[in-house]
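Notes follow the structure.
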Amino acid sequence: MPEADADADADANPRAVTGADAGAGQERVSTAAPDPQGIAGLPVRFQVVAAIGLAVIGVVACVQIGMVFLHVAPSNTISKQYGKAVDDWIYPEFEQNWKLFAPNPLQQNIDIQARAELKMPDGSTRTTDWIDFSAQDGAGIRHNPLPSHTQQNEVRRGWDFFVGSHTDDNKPNGLRGELSEQYMRRIVMLRLGARRDDGTVERIQVRSMTTSVKGPPWSDEKTDTRPSYRVVPWWTVTPADLPEGAGDAGTEAKR
């Protein structure tokens, strides 16, 4: 008998889902619990690993938010006590630069350039052309989906450090001024190399070229877009100015 056979099959396999009974017009629905989804569907050992991973991510996210808050917040007791730890966490990858925003957005392009005085093998002296480090960094960043934060900021922040700790006539303001000068010299020598164009670098000179950004076409503002320069006196190269990696350098064209 078909109906009896169908009932027997249903009793033997309670997980099966059948449609409308052809003879009695009754529906049979499976009573089996659905399979667990997501992490709950993993073996226990994998559930533990996933839970630990999520906990670590949550802790790191909370620390990151807290460090950024302390970095950008006004000076307070916590930021004064743990300022070095905050700076070590933020720089260089998570630096916060607010010069894009009002009330005083940056409206200038500042290029950092350097040149070298070379002692040639025949004893003569030759001075290189000005080499635009900012343009080199810009070319390396352009069309790069994941540019190095250090590459974007090393020269710019080094120059900001130098300008902020020196007078207008390039005299250092105490220990920070001397430290910023040493830092800038090492950056320049790392870029130029101890030897260049078959000559030995004996002296270096740095300058900034500042160009104001022209206003939009609909603005009546008159902007002088001629470049202005701040030139630092020549520095004699010393062994302390040669960081690891400051070896031979090619010509400017090769760079």
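Available extension along the chain between LEU42 and ARG142 is 31.6 nm, counting 0.36 nm per residue and deducting the alpha carbon span.
One decimal place: the segment VAL63-GLU178 gains 38.0 nm when fully extended, by the rule 0.36 nm per residue minus the C-alpha distance.
Taking 0.36 nm per residue of separation and subtracting the Cα-Cα distance, full extension of the segment from ASP169 to TRP234 would add 22.1 nm. Just so you know, the Rg over Rh for segment 131-172 is 1.12, from Cα atoms, with Rh as the Kirkwood radius. For segment 43-93, the carbon plus sulfur part of the accessible surface works out to 75%, probe radius 1.4 Å.
The values are calculated or read from the model by the stated rules, or taken from the named source; none is laboratory data. Since the structure is predicted, the reported quantities are computational estimates derived from the model, not experimental observations. For the accessible areas, the whole protein counts, side chains as well, though only heavy atoms, and no ligand, DNA or RNA atoms are used. Shrake-Rupley method; radii C 1.70, N 1.55, O 1.52, S 1.80 Å.
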